[in-house]
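To start, the structure itself, in structure tokens.
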Amino acid sequence: MGIIYLDNAATSYPKPECVYRAVDDFNRQMGGNPGRGASRKTMTSNSILLDTREALASLFNIPDSTRIAFCLNITEALNTGLKGILKPGDHVITTSMEHNATARPLLSLTRKGIEWSMAKCSSDGSLDPDDIRRLIQPNTRMICVLHASNVTGTIMPVREIGAIAEEHNLLFMVDSAQTAGVLPLDVAECHIDLLAFTGHKCLLGPQGTGGLYVGPGVEIEPLKEGGTGSLSEELNQPAFMPDHLEAGTPNTPGIAGLGAGVGFILSTGRENIRNHEKRLTEALIQGLREIDGVHIYGPLDVERRTAIVSFNIEGMDCGEVSMRLDHEYGIITRSGLHCAPLAHRTLGTLQQGTCRLSPGYFSTDMEIEKVLRAVYAIART
């Protein structure tokens, strides 16, 4: 029985061949620790980091690639942005659909004197930007929102929210875990001061990669300090980017793979990737709607969502559905709360969770047809 992989919202699979080659070539042929010395291998490693930063800057319309700091994942990036900026007495606004990567750090910060307000989203996960505006207080410092939900795929109006942040002179941070590489993200157009991204999902890179863009003039304290290969005579962490936020040896093999993934996106065309995933998502939604007892969460219009479709079958546990799809049909999905209890509370699914299908660029029409037949068979038993 072959495997049908529909868990790209957790991590993309398979990767483009160029990603596998880039990681393997670095490990077998290159080596070298970037910024640590001046050997040819070190300089080659430096070039890999530089080239990947430049590719990311091109994708996000970032004028200065040195404003991008690499992290191990988007969770580290979000923690850096939140804990490195917010101080006791500051107020931050999010949506009610946030992932725990944002919610848990913020809950921790509330114990240290940070105020946190959530704009309530509708039952399909969508948000009225004016609900953000109504929560602004004199001490509001930041608006932090996810670009799209990892449960429903619902796309947030980041351009409109960014304009509100700009109007009120507030910092705007965006969690792009489910969108970077597949939806347009222009930091200037959306007035984004901090953009957190992960490398292993829509950017098609390896796990253990991600980063944080920090706009000019944004004052931020590093989450960790240590060796950078620069200003080694100083005990203070360098104040310039990206070294300010990049302590310790980076995941250079992973970043090589990330650069290859971004290169694949730029050469293939982000719009082509998006259109392919939209077509598969629409087929999933239309097919699931025809199965008795199936309830779909999130907007039905594929223009308003990413390639994520969460559903439940009436009278069945979502974990059982996911397990049967795997064991009986070889279909990989994810069930449960998806590390997003706030989102499930908003949707009314906190007690039961959902079964999530998330196709990617390498998913096929034939696979979607097989998935729909499998769900139909399970729903009838």
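Only the coordinates and a few stated rules stand behind these numbers; no lab work does. Just so we're clear, the structure is a prediction, and the values are computed from it rather than from any experiment. Reconstructed Cβ throughout: ideal geometry from the backbone, glycine too, with neighbour counts over all protein chains shown.
In contact with a helix residue (DSSP H, G or I) (Cβ under 6 Å, 6 or more places away or on another chain), of a type in the set (S, T, Y), buried (at least 19 other Cβ atoms within 10 Å of the Cβ) and under 21 Å from I74 (Cβ atoms): does that describe T281? Can you show your working first?
Values: in contact with a helix residue (DSSP H, G or I) (Cβ under 6 Å, 6 or more places away or on another chain): yes; of a type in the set (S, T, Y): yes; buried (at least 19 other Cβ atoms within 10 Å of the Cβ): yes; under 21 Å from I74 (Cβ atoms): no.
So T281 does not fit the description; no.
Here is a list: N79, N73. Which entry is surrounded by fewer than 23 Cβ atoms within 10 Å (Cβ to Cβ), closer than 18 Å to F172 by Cβ and under 19 Å from the mean Cα position of the chain (by Cα)?
Among N79, N73, only N79 is surrounded by fewer than 23 Cβ atoms within 10 Å (Cβ to Cβ), closer than 18 Å to F172 by Cβ and under 19 Å from the mean Cα position of the chain (by Cα).
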Review point. Taking region 223-274 on its own, how many of its residues are closer than 19 Å to H200 by Cβ and either part of a helix (DSSP H, G or I) or in contact with a Ser or Thr (Cβ under 7 Å, 6 or more places away or on another chain) (or both)?
Key: 21
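Can you report the number of residues in region 113-127 which are of a type in the set (S, T, Y) and under 15 Å from H147 (Cα atoms)? If you could, list the steps in order and put the result at the bottom.
Narrowing region 113-127 to residues of a type in the set (S, T, Y): 117, 122-123, 126.
Of the ones still in play, those that are also under 15 Å from H147 (Cα atoms) are 126.
Final tally of qualifying residues: 1.
Going through R111, R67 one at a time, which residue ends up being out of contact with any helix residue (DSSP H, G or I) (no Cβ under 7 Å at 6 or more places or on another chain), closer than 15 Å to A196 by Cβ and among the basic types (K, R)? Steps first, answer last, please.
On the way: R111 fails: closer than 15 Å to A196 by Cβ.
Every option except R67 fails the conditions.
Just name the residue that is surrounded by the most Cβ atoms within 10 Å (Cβ to Cβ) out of those in region 82-134 that are of a type in the set (V, I, T), more than 30 Å from F311 (Cα to Cα) and touching a residue at least 24 places away in the same chain (Cβ under 8 Å).
First pass over region 82-134, keeping only residues of a type in the set (V, I, T): 85, 92-95, 102, 110, 114, 132.
From what's left, more than 30 Å from F311 (Cα to Cα): 85, 92, 110, 114.
Going one step further and asking which of them are touching a residue at least 24 places away in the same chain (Cβ under 8 Å), we end up with 85, 92, 114.
Numbers: I85: 21, V92: 26, I114: 22.
Restricting to residues being of a type in the set (V, I, T), more than 30 Å from F311 (Cα to Cα) and touching a residue at least 24 places away in the same chain (Cβ under 8 Å), the top hit is V92.
Which members of region 208-222 meet the condition of being in a loop (DSSP other than H, G, I, E, B) and either in contact with a Ser or Thr (Cβ under 6 Å, 6 or more places away or on another chain) or buried (at least 24 other Cβ atoms within 10 Å of the Cβ) (or both)?
Of region 208-222, the ones in a loop (DSSP other than H, G, I, E, B) are 208-209, 215-222.
T209 - this is the single residue of region 208-222 that is in a loop (DSSP other than H, G, I, E, B) and either in contact with a Ser or Thr (Cβ under 6 Å, 6 or more places away or on another chain) or buried (at least 24 other Cβ atoms within 10 Å of the Cβ) (or both).
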Revision key, fill the gap. Region 276-381: helices (runs of 4 or more DSSP H) wholly inside it with 2 or more residues that are of a type in the set (D, E, K, R) are 318-329, 365-380
Check your understanding: Can we say F172 is more than 20 Å from Y13 (Cβ to Cβ), in contact with a helix residue (DSSP H, G or I) (Cβ under 9 Å, 6 or more places away or on another chain) and among the hydrophobic types (A, V, I, L, M, F, W, C)?
Key -> yes
